[in-house]
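Right, one structure below, let's go through it.
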Amino acid sequence: MKDPVQVVPGFLFNLVEKWLMYRKSSVLERRAHQFALGLQTRKLYPAAIICAGKSYYKKVDRSKPFDSQCISNKLRLRLLTIGDIHSKQNGNLIGYCAEVNAANHVMLKLKHLNPEEVNFSSAIRPRTMQKMPPCKNCKLTFNI
Ligand SMILES: [Zn+2]
């Protein structure tokens, strides 16, 4: 028979952890969704948008050519493990994804962060509001 003192804290811990994960993800999801709706209103249709964040700092950005002049050093080094920035790897151009652009804002602000520590909403295609899975480069870069 299990000791109830050991059973209850584990159960509570799981509940609290799930609740915290839900809260964290829902804030990012809500920000991304609102941003995509705003683009639709203005009839602007980038391929994808996403919200990246860590603790208090959250930023939505879109897929576009990466600004090589203003890049987090940790993110640049991680991208270079896949290939040169702007080169095509695994079917996608490195640095053009919404994930990279959004995460760069967060990593420039919170310089201690590693790429895999950045949280993301789902990526959304504003034209259709469909959720998009991350590409292979982003899976490798951010471990998502
Ligand atoms: Zn990607």
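Listed values, structure above:
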| read-out | value |
| --- | --- |
| Cross-link pairs beyond the 20 Å C-alpha cut-off, checked among K18/K111; K59/K111; K64/K111; K54/K139 | K18/K111; K64/K111 |
| Diffusion coefficient, µm² s⁻¹, Stokes-Einstein with Kirkwood Rh over alpha-carbon pairs of region 8-108 at 10 °C and 1.306 mPa s | 104 µm²/s |
| Computed [θ] at 222 nm, helices only, for the chain once each DSSP H run of length n ≥ 4 contributes -39500 (n - 2.57) | -15000 deg cm²/dmol |
| Under 10 Å, Cβ to Cβ, from L110 - net charge with Lys/Arg +1 and Asp/Glu -1 | +2 |
| Percentage relative contact order, the chain, counting C-alpha pairs under 8 Å, at least six apart | 28 percent |
| Region 4-142 - charge dipole about Cα centre, Lys and Arg +1 at Cβ, Asp and Glu -1, debye rounded to 20 | 400 debye |
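Rule-based calculations on the coordinates, nothing more; no lab input. Keep in mind it's a predicted model, so treat the numbers as computed, not measured. All Cβ positions, glycine included, derive from the backbone under ideal geometry; neighbour counts span all protein chains shown.
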